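The following block contains the structure, expressed as structure tokens.
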Amino acid sequence: NDKSIDEKKPKQCKNKEKAALYSTISYKTENNIDEIISGSDKEIIFNFDNSKLYNWWIEDEAPKILLVNEDFERIAKDGEIKITTHMEVENGAETAGDELYQAGFYVKTLINDNSYACAVENDSRWIFDRVGNSGRKQSIRKEYDIFLIIKDKKIVFGETIGENDRILFEDDIISEGIFEVGLMCKTWNRPGILKVIFKDISVKYLDIKV
């Protein structure tokens, strides 16, 4: 849906300071009509203000940042793309506990229209969801150094503790055609106050065909 893809140019905001911040993000945004996403390439902020839900299960209303748009043909057998970021989650003081959210990475494979969420869910667990179908979970905290690796036929999602990478989930993925990777947040059940900050974002291409 073209209407869900936002232009890179700054939006007309009532808050001029927020508009200035928005204009420093060079990545393409999606589902950002309500200006949930602001900040800069060094610190991307998803700020939810308790007024609306942004779910992503049947319909896709989740705000997103597109980091990678690539073809599996360039990854070949031994190549991979590794995305890393530091993520912080801040909930509103009045949160009752039923304002549900996910925040982290997403992957889309365009050839079969599948989407995957590799994220934190509700301050309590890591999740690996095939959006609209099924998911897996592990328990967790509030600040995270997380990574995502896309390689031939695999998605690998994990966290970095100190100098060590720990794989949380690994799953098969179709390895044909164009795919996208980025950052996402979604909310459901009841709107609440939520801010998610992504810092130190890195995208590395390893052994990719030129």
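Considering only the stretch 110-154, state which residues are over 14 Å from residue 179 (Cβ atoms) and of a type in the set (Ser, Thr, Tyr).
Result: 124, 134, 139, 144.
Let me ask another. If you go through the stretch 157-181, how many residues are on the phi > 0 side of the Ramachandran plot and under 17 Å from the mean Cα position of the chain (by Cα)?
0
Name the residues in the stretch 183-210 that are under 15 Å from residue 80 (Cα atoms), open to solvent by less than 60 Å² (accessible area, probe 1.4 Å) and in a strand (DSSP E or B), would you?
202, 203
Restricting to the stretch 144-167, name every residue that is more than 20 Å from residue 71 (Cα to Cα) and open to solvent by 10 Å² or more (accessible area, probe 1.4 Å).
If the condition is that a residue be more than 20 Å from residue 71 (Cα to Cα) and open to solvent by 10 Å² or more (accessible area, probe 1.4 Å), then 145, 160, 161, 162, 163, 164, 165, 166, 167 are the ones that fit.
Within the set of pairs 6+ apart or on separate chains, which have a first residue in the stretch 71-85 that is closer than 21 Å to residue 184 by Cβ, a second that is part of a loop (DSSP other than H, G, I, E, B), and C-beta atoms under 6 Å apart?
Matching pairs, first to second residue: 72/175; 72/176.
Given the options 112, 69, name the one that is surrounded by fewer than 15 Cβ atoms within 10 Å (Cβ to Cβ), within 16 Å of the chain's Cα centre (by Cα) and either of a type in the set (Ser, Thr, Tyr) or closer than 18 Å to residue 154 by Cα (or both).
So the residue among 112, 69 that is surrounded by fewer than 15 Cβ atoms within 10 Å (Cβ to Cβ), within 16 Å of the chain's Cα centre (by Cα) and either of a type in the set (Ser, Thr, Tyr) or closer than 18 Å to residue 154 by Cα (or both) is 69.
Suppose we keep only residues that are part of a loop (DSSP other than H, G, I, E, B) and either open to solvent by less than 20 Å² (accessible area, probe 1.4 Å) or hydroxyl-bearing (Ser, Thr, Tyr) (or both) within the stretch 168-182. Which one would you say is modelled with the highest pLDDT?
Only one residue tops the list, namely 173.
So which strands (runs of 3 or more DSSP E) are wholly in the stretch 102-165 and hold at least 1 residues that are free of Cβ contacts under 8 Å to residues at least 24 places away in the same chain and not hydroxyl-bearing (Ser, Thr, Tyr)?
Where strands (runs of 3 or more DSSP E) fall fully within the stretch 102-165 and carry at least 1 residues being free of Cβ contacts under 8 Å to residues at least 24 places away in the same chain and not hydroxyl-bearing (Ser, Thr, Tyr), they are 114-121, 125-130, 134-139, 154-161.
The values are calculated or read from the model by the stated rules, or taken from the named source; none is laboratory data. Keep in mind that what you see is a predicted model, and the values were worked out from it rather than measured. Note that we place each Cβ from the backbone using ideal geometry, even for glycine, and neighbour counts take in every protein chain shown. Each accessible area value is taken on the protein alone, full model and side chains, heavy atoms only, with ligands, DNA and RNA left out. Shrake-Rupley method; radii C 1.70, N 1.55, O 1.52, S 1.80 Å.
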